[in-house]
Amino acid sequence: MNSKKSRRNFIKKSSVFGAGVFVVPRNVLGGAGYTAPSDQLNLAAIGSGGKGISDIYNSSVNGRERVVSLCDVDFSGSASNSVKRFPKATLYSDFRKMLDNEKDIDAVTISTPDHVHGSAAVYAMERDKHVYVQKPITHNIREARLLTTLARKQKVVTQMGNQGGSNPLLKMVQNWVDSGKVGKISEVKVWTNRPVWPQGVKMSAPNASLKPDSLDWNLWLGPASEKPYTPNLHPFNWRGWWEYGTGALGDVGCHLIDIPFRTLGLKYPKDAECSVGSVFTKMWNPDYLPEGCPPSSLITLNFDSTKKNDSPIQLTWTDGGIRPPHPDIIPPNSDIGGPGSGNGVLMIGEKGIISTNINDSSPLTPKLYLYNGETEFGPEKEEMPEPEYGHQRKWVDACKAGFNSKEHLDLTSSFDYAGPMTETVLMGNLAIRSYMLRKENTSGGFDFFARKKLLWDGDNMRITNLEEANQFVTRKYRSGWEI
């Protein structure tokens, strides 16, 4: 039996009886808080800077687990903080070499730009590694379905990094829905003040002479198309460009849409439509920049009734700081959603409205307003006894317990849940990108032929009334990066 399997088998046993002899657990021999090396999970990070700093640190559970390797395309930036924290970890720029060389890795955190999530997760899961992947788990819908299926096939434990899914206050919202306090819910309104990065503008021109020596640009590109180094993308501003990011929806959609998706038991939407904000730098001619996300958007998704809510549901999403009207039932001087009404969710039912903030590590501030005058509020400040509601730690515990264990089934964002939810979030981006499709007409102008409601066959991942829109279900992969 190899060391990895023997370690995993030992982890599942708190004590061993044999031949009348009681073997004392190693944590007792080592004292309170001690975890024997054979009981530790061997962890690695793919993307060690930015959000990856807290992802790998929280997964280590204050040193309870062993971080053996770190991967990043540029260790001169924020990733250097992870190197200082885990000085014994081996360093790699290519996650493929790391996973091929470091045979004892049990589980990896993946906190790269969105366009690399799918490639890194597939490579890791194919090698029987448990994975924790930042939201959204993938750059496109096909990849999300692939990861969901592959996790079951490989029997690995997975978790998406929408940590608010582990917030215990969600149970309050769930109870309001399940108990019928607001009655049937027919409308959900979700909004955000993102983007907070450059968006709706022209991308900087490539300039290879400006590439930092510390950055492996080829590996940063990963599955994206070949192009010279382009400034102002790494390490954060990639979010507003379709080759690499998924816009405001990908940034916080998996936090905000998670709340109604989870509490209402939503599945794939039936359809999607959108409109987007325009920028005019020339009279009567809106800028046409289909390679980038728009400055603002309105997305409408329609869902069938569910076991939790016996009514069809229309969900609208707005970004760019555009928020829904203030409901009369909520006092006019009160925020809707979170502080300053910058981000939030309203679930509108027959008997009242549920209002919540963004579901990341911000206070959820759940509030119930009923038309009979009753109200019920959650706390304005939350107690968080462990970082990010223990979202990473619970994943690590589930990795130790094994696939289909109670710990695994109790995870709030394993890919069985996070995959379909991510697909729903990314449907909004499919609608936006389709909205920008155009064909030249006989008069020399352009017809935007896809500005219509798109009918979605979720089971088969297809738009049924506009074939051209299906190109956005997946992406073109650079040679050698296909999945």
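The values are calculated or read from the model by the stated rules, or taken from the named source; none is laboratory data. As the structure is a prediction and not an experimental result, all values here were calculated from the model. Positions of Cβ are generated from backbone atoms using ideal geometry, with glycine treated the same way; all protein chains shown enter the neighbour counts.
If you go through the range 394-410 and keep only what is in contact (Cβ under 8 Å) with a residue 12 or more places away in the chain and either more than 22 Å from Ile105 (Cβ to Cβ) or assigned by TED's automatic domain parsing to the domain that holds Ile463 (or both), you end up with just Asp410.
Determine the pairs where a residue that is at positive phi, located within the range 37-50, has a partner that is surrounded by 24 or more Cβ atoms within 10 Å (Cβ to Cβ) with Cβ atoms under 6 Å apart, the partner being 6 or more residues away or on another chain. Matching pairs, first to second residue: Gly47/Ser111; Gly47/Thr112.
With respect to Gly320, is the statement that it is surrounded by 17 or more Cβ atoms within 10 Å (Cβ to Cβ) and closer than 21 Å to Leu170 by Cα true?
Answer is no for this residue.
If you check Gly277, Gly292, Gly265 for being touching a residue at least 12 places away in the same chain (Cβ under 8 Å) and either crowded, with 22+ Cβ neighbours inside 10 Å or more than 23 Å from the chain's Cα centre (by Cα) (or both), only one passes: Gly277. Residues that are charged (D, E, K, R) and part of a helix (DSSP H, G or I) within the range 129-181 comprise Arg142, Glu143, Arg145, Arg152, Lys153, Lys171, Asp178, listed in sequence order.
Looking across the range 255-305 at every residue that is aliphatic (A, V, I, L, M) and outside any loop (DSSP other than H, G, I, E, B), the one that is nearest to Trp241 (Cα to Cα) is identified as Val276. Looking for something acidic (Asp, Glu), without any contact (Cβ under 8 Å) to a residue 12 or more places away in the chain and in the same structural domain as Val173 (by TED's automatic domain parsing) - is there at least one such residue anywhere in the range 323-330? There is at least one residue in the range 323-330 that is acidic (Asp, Glu), without any contact (Cβ under 8 Å) to a residue 12 or more places away in the chain and in the same structural domain as Val173 (by TED's automatic domain parsing). Can you tell me which residue within the range 63-105, out of those that are among the aliphatic types (A, V, I, L, M) and in a loop (DSSP other than H, G, I, E, B), is nearest to Leu43 (Cα to Cα)? Looking at the filtered set, the residue picked out is Ile105. Close Cβ contacts (under 9 Å, 6 or more residues apart or on different chains) running from residues in the range 295-307 that are of a type in the set (Gly, Ala, Ser) to residues that are assigned to a strand (DSSP E or B) comprise Ser296/Val276; Ser296/Thr318; Ser297/Cys274; Ser297/Ser275; Ser297/Val276; Ser297/Trp317; Ser297/Thr318; Ser305/Ile313. Is one or more of the residues making up the range 360-367 under 20 Å from Asn175 (Cα atoms) and outside any loop (DSSP other than H, G, I, E, B)? Checking the range 360-367: at least one residue is under 20 Å from Asn175 (Cα atoms) and outside any loop (DSSP other than H, G, I, E, B). Just the residues that are buried (at least 22 other Cβ atoms within 10 Å of the Cβ), among the polar types (S, T, N, Q) and within 16 Å of Met160 (Cβ to Cβ), please, taken from the range 353-407. Across the range 353-407, the qualifying residues are Asn359, Gln392. Taken over the range 113-128, the criterion of being in a loop (DSSP other than H, G, I, E, B) and buried (at least 24 other Cβ atoms within 10 Å of the Cβ) is satisfied by Pro113 alone. The set of residues from the range 361-407 being modelled with pLDDT of 95 or more and of a type in the set (Asp, Glu) comprises Glu374, Glu376, Glu386, Glu388, Asp397, Glu407. Within the range 182-191, identify whether any single residue is in contact (Cβ under 8 Å) with a residue 40 or more places away in the chain, in a loop (DSSP other than H, G, I, E, B), crowded, with 19+ Cβ neighbours inside 10 Å and touching a Cys at 6+ places or on another chain (Cβ under 9 Å), and answer yes or no. No, the range 182-191 contains no residue that is in contact (Cβ under 8 Å) with a residue 40 or more places away in the chain, in a loop (DSSP other than H, G, I, E, B), crowded, with 19+ Cβ neighbours inside 10 Å and touching a Cys at 6+ places or on another chain (Cβ under 9 Å).
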